[in-house]
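Visitor: I'd like to ask some things about the structure below.
The values are calculated or read from the model by the stated rules, or taken from the named source; none is laboratory data. Because the structure is a prediction, the values reported are computed rather than measured. Glycine also receives a Cβ, built like all others from the backbone with ideal geometry; neighbour counts cover every protein chain displayed.
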Amino acid sequence: MAKNVGILAMDIYFPTTCIQQEVLEAHDGASKGKYTIGLGQDCMAFCTELEDVISMSLTVVTSLLEKYGIDPKQIGRLEVGSETVIDKSKSIKTFLMQIFEKYGNTDIEGVDSTNACYGGTAALFNCVNWVESSSWDGRYGLVVSVDSAVYAEGPARPTGGAAAIAMLIGPDAPIAFESKLRGSHMSHAYDFYKPNLASEYPVVDGKLSQTCYLMALDSCYKHFCHKYEKLEGKQFFISDADYFVFHSPYNKLVQKSFARLVFNDFLKNPSSVDEVTKEKLGPFSTLSGDESYQSRDLEKASQQVAKPLYDEKVQPTTLIPKQVGNMYTASLYAAFASLIHNKHSTLAGKRVILFSYGSGLTATLFSLKLRDDQHPFNLSNIAKVMNVEGKLKSRHEFSPEKFVETMKLMEHRYGAKDFVTSKDISLLPPGTFYLTEVDSLYRRFYAKKASENGIKAPAENGLTANGH
Ligand SMILES: CC(C)(COP(=O)(O)OP(=O)(O)OC[C@H]1O[C@@H](n2cnc3c(N)ncnc32)[C@H](O)[C@@H]1OP(=O)(O)O)[C@@H](O)C(=O)NCCC(=O)NCCS
């Protein structure tokens with residue numbers, strides 16, 4: 001069996017178009033600090049009419065293959081995780097096949113996985129399991145997590161975002177799975193769902209989704225700890241991992257989630273936490289599960305005692321989610337990319353725990369072990385390729401009026417046919433794919449903005465994205 005299977009390489013793409021949360025807050029008439037401190041968000045990326053989940057996926061996959069020098073014939077499995085529905089039958093994966101068909105590679109398994117923000121994790125597990133299985137043919141797996149998260153006007157609108165992440169999967173990876181260390185929790189809930197197929201916007205019960213998220217976290221942590229104990233013969237505590245990465249709809253929920261893990265450790269074994277924590281959390285030890293989710297005092301006390309550990313083990317993972325917003329399936333992996341960006345030179349040998357949550361609901365807590373490895377598949381090179389700082393710096397801030405106007409146009413375009421998009425591609429970075437037209441048969445056409453080196457990609461010459 002292949003050893004140390006995991007993520008060999010990563011790249012991230014998010015639209016350069018964004019709005020500052022402070023500006024949106026004032027425009028929406030929310031009280032000052034509600035979006036920035038209350039939700040913990042700084043900025044939000046969004047797609048204009050030129051971009052969608054297909055164009056972002058084409059951009060990130062092409063970029064990853066080019067930057068790591070991967071021969072497209074070496075990809076044997078391609079899995080996409082997304083909850084942004086553009087077509088109820090044709091997968092995003094099939095659009096991406098144009099990249100590989102050109103090189104004569106059509107022997108690529110995998111389709112799309114969908115369940116709210118969890119699809120990327122399902123896609124990742126599928127690829128890792130394939131490489132670890134007897135049906136693996138020795139080639140790489142490739143995972144794309146991609147979404148455009150948009151909400152109707154109202155309290156949820158500032159919790160949008162957009163991005164695509166590509167991850168190359170194979171053995172001897174610098175980001176290796178500890179495959180036996182996984183705890184899942186899956187059940188039925190109506191916390192966030194998209195029943196209206198004529199609209200891109202979800203129906204969301206924000207408060208319920210918070211509680212569902214925290215309940216799922218507790219349950220996953222219990223299963224995870226149980227498995228760890230059976231395997232290692234000792235209890236698992238927060239101190240057994242170096243970093244915790246959470247699916248991040250908005251940063252405040254990440255703060256609450258980590259505090260919840262501290263409360264879990266305290267309940268499991270009070271002697272595992274320091275005296276101050278013991279004293280502050282003691283009064284809540286007799287609360288029932290339901291009561292504990294409703295207790296504002298517990299929330300406050302646990303966040304307060306968790307703060308030093310949060311700063312050490314979680315804060316380095318929060319940069320991109322705070323700057324780009326909720327990217328649904330890409331959100332967890334953008335948080336992980338933030339960790340690589342911030343700490344790549346000191347990560348070898350560290351254990352990182354990830355929590356993936358998709359409303360509806362599906363959740364898994366799993367463990368990665370980071371390792372030193374050979375160029376180009378090492379952590380420092382991954383950080384260099386992703387160029388997070390460069391990408392964040394070269395963004396274009398929209399005014400709230402222009403943002404609202406863009407959202408209105410996108411509402412109108414959702415599910416529409418027979419239109420061409422703007423010819424002005426000046427805000428797109430070189431090498432970015434963009435939507436040019438949707439024809440009378442709803443077929444979508446994409447082009448690629450010339451790369452920095454001026455080399456024209458085939459899609460720039462008017463090749464269509466439906467394979468003809
Ligand atoms: C999160 C959500 C429910 C918040 O909307 P809301 O109900 O209008 O917001 P709230 O009144 O609860 O305020 C949000 C936070 O800001 C705080 N706040 C409000 N005004 C503030 C201000 N002026 N300064 C600082 N903080 C402020 C609130 O106290 C609250 O913090 P808390 O949760 O620690 O108490 C809403 O944005 C939403 O539904 N988002 C989508 C939910 C989602 O992504 N679900 C998927 C989960 S996977």
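Visitor: Name the residues in segment 287-325 that are buried (at least 21 other Cβ atoms within 10 Å of the Cβ) and basic (Lys, Arg), would you?
Guide: 313, 322
Visitor: Another question about this same structure. Those residues that are of a type in the set (Ser, Thr, Tyr) and at pLDDT 95 or above, I need them from segment 287-326; list them, please.
Guide: 292, 293, 295, 302, 310, 317, 318 - these are the residues of segment 287-326 that are of a type in the set (Ser, Thr, Tyr) and at pLDDT 95 or above.
Visitor: Can you find a residue in segment 41-52 that is away from the ligand (no atom under 16 Å from the Cβ), closer than 24 Å to residue 429 by Cα and part of a helix (DSSP H, G or I)?
Guide: Looking for residues that are away from the ligand (no atom under 16 Å from the Cβ), closer than 24 Å to residue 429 by Cα and part of a helix (DSSP H, G or I), one finds none in segment 41-52, hence no.
Visitor: I've got another one for you. Any residue at all in segment 270-279 that's within 16 Å of the ligand (Cβ to nearest atom) and without any contact (Cβ under 8 Å) to a residue 12 or more places away in the chain?
Guide: The answer is no; no qualifying residue exists.
Visitor: I would also like to ask the following. Taking the criterion of being of a type in the set (Val, Ile, Thr), more than 19 Å from residue 353 (Cβ to Cβ), in contact (Cβ under 8 Å) with a residue 24 or more places away in the chain and within 16 Å of the ligand (Cβ to nearest atom), would at least one residue in segment 306-321 satisfy it?
Guide: For segment 306-321, residues of a type in the set (Val, Ile, Thr), more than 19 Å from residue 353 (Cβ to Cβ), in contact (Cβ under 8 Å) with a residue 24 or more places away in the chain and within 16 Å of the ligand (Cβ to nearest atom): absent.
Visitor: Right, here's the next one. Among the residues of segment 190-200, which ones are hydroxyl-bearing (Ser, Thr, Tyr) and either within 19 Å of the chain's Cα centre (by Cα) or crowded, with 16+ Cβ neighbours inside 10 Å (or both)?
Guide: Correct list: 193 only.
Visitor: Let me ask something additional. Within segment 410-424, track down each residue that is under 26 Å from the mean Cα position of the chain (by Cα) and either closer than 16 Å to residue 151 by Cβ or loosely packed, with under 11 Cβ neighbours inside 10 Å (or both).
Guide: 410, 411, 414
Visitor: Then there is this: Out of 89, 63, report the one residue that is in a loop (DSSP other than H, G, I, E, B) and surrounded by fewer than 24 Cβ atoms within 10 Å (Cβ to Cβ).
Guide: Matching residue, one of 89, 63: 89.
Visitor: If you don't mind, another one. Is there any pair with a first residue in segment 210-233 that is without any contact (Cβ under 8 Å) to a residue 40 or more places away in the chain and a second that is part of a loop (DSSP other than H, G, I, E, B) whose Cβ atoms are under 9 Å apart and which are 6 or more apart or on different chains, and what are they?
Guide: Within 9 Å, the pairs are 229/235; 229/236.
Visitor: When you go through (1) away from the ligand (no atom under 11 Å from the Cβ); (2) in contact with a Lys or Arg (Cβ under 9 Å, 6 or more places away or on another chain) one by one for residue 234, which number turns out not to apply?
Guide: Exception for residue 234: condition (2).
Visitor: Another one. If I filter segment 156-175 down to residues being farther than 21 Å from residue 358 by Cβ and either under 18 Å from the mean Cα position of the chain (by Cα) or of a type outside the set (A, V, I, L, M, F, W, C) (or both), which single residue comes out as nearest to the ligand (Cβ to nearest atom)?
Guide: Selected residue: 175.
Visitor: Further question: Among the listed residues 263, 236, 284, identify the single one that is without any contact (Cβ under 8 Å) to a residue 24 or more places away in the chain, over 21 Å from residue 41 (Cα atoms) and under 27 Å from the mean Cα position of the chain (by Cα).
Guide: None of the other options fit; the residue is 236.
Visitor: I'm trying to understand the selection: among the residues of segment 103-125, which are hydrophobic (A, V, I, L, M, F, W, C), more than 16 Å from the ligand (Cβ to nearest atom) and buried (at least 24 other Cβ atoms within 10 Å of the Cβ)?
Guide: Residues satisfying the conditions are 123, 124.
Visitor: Right, next: Do any residues in segment 349-361 that are farther than 14 Å from residue 82 by Cα have Cβ atoms under 6 Å from those of residues that are part of a loop (DSSP other than H, G, I, E, B) and away from the ligand (no atom under 16 Å from the Cβ), where the two are at least six apart or on different chains, and which pairs are they?
Guide: Final answer for the pair search is 350/242; 351/241; 351/242; 353/241.
Visitor: Is it the case that some residue within segment 87-102 is aliphatic (A, V, I, L, M) and modelled with pLDDT under 95?
Guide: No: segment 87-102 contains no residue that is aliphatic (A, V, I, L, M) and modelled with pLDDT under 95.
Visitor: Of (1) touching a Lys or Arg at 6+ places or on another chain (Cβ under 8 Å); (2) surrounded by 15 or more Cβ atoms within 10 Å (Cβ to Cβ); (3) among the hydrophobic types (A, V, I, L, M, F, W, C), residue 203 satisfies all except one. Which?
Guide: If we test residue 203 against (1) touching a Lys or Arg at 6+ places or on another chain (Cβ under 8 Å); (2) surrounded by 15 or more Cβ atoms within 10 Å (Cβ to Cβ); (3) among the hydrophobic types (A, V, I, L, M, F, W, C), just (2) comes out false.
Visitor: Against the condition of a type outside the set (Phe, Trp, Tyr) and touching a strand residue (DSSP E or B) at 6+ places or on another chain (Cβ under 6 Å), how does residue 114 come out, does it pass?
Guide: For residue 114, the condition - of a type outside the set (Phe, Trp, Tyr) and touching a strand residue (DSSP E or B) at 6+ places or on another chain (Cβ under 6 Å) - is not met.
Visitor: Out of segment 433-468, which residues are at pLDDT 95 or above, surrounded by 10 or more Cβ atoms within 10 Å (Cβ to Cβ), of a type outside the set (Phe, Trp, Tyr) and in a loop (DSSP other than H, G, I, E, B)?
Guide: Within segment 433-468, 439, 443, 449 meet the criteria.
Visitor: Provide a single number: the residues in segment 21-40 that are within 12 Å of the ligand (Cβ to nearest atom) and of a type in the set (Val, Ile, Thr).
Guide: Total meeting the criteria: 2.
Visitor: Follow-up question, since we're still on this one. Among the candidates 187, 179, 239, 209, single out the residue that is within 16 Å of the ligand (Cβ to nearest atom) and either surrounded by fewer than 20 Cβ atoms within 10 Å (Cβ to Cβ) or under 30 Å from residue 69 (Cβ atoms) (or both).
Guide: Being within 16 Å of the ligand (Cβ to nearest atom) and either surrounded by fewer than 20 Cβ atoms within 10 Å (Cβ to Cβ) or under 30 Å from residue 69 (Cβ atoms) (or both) holds for just one of 187, 179, 239, 209, which is 187.
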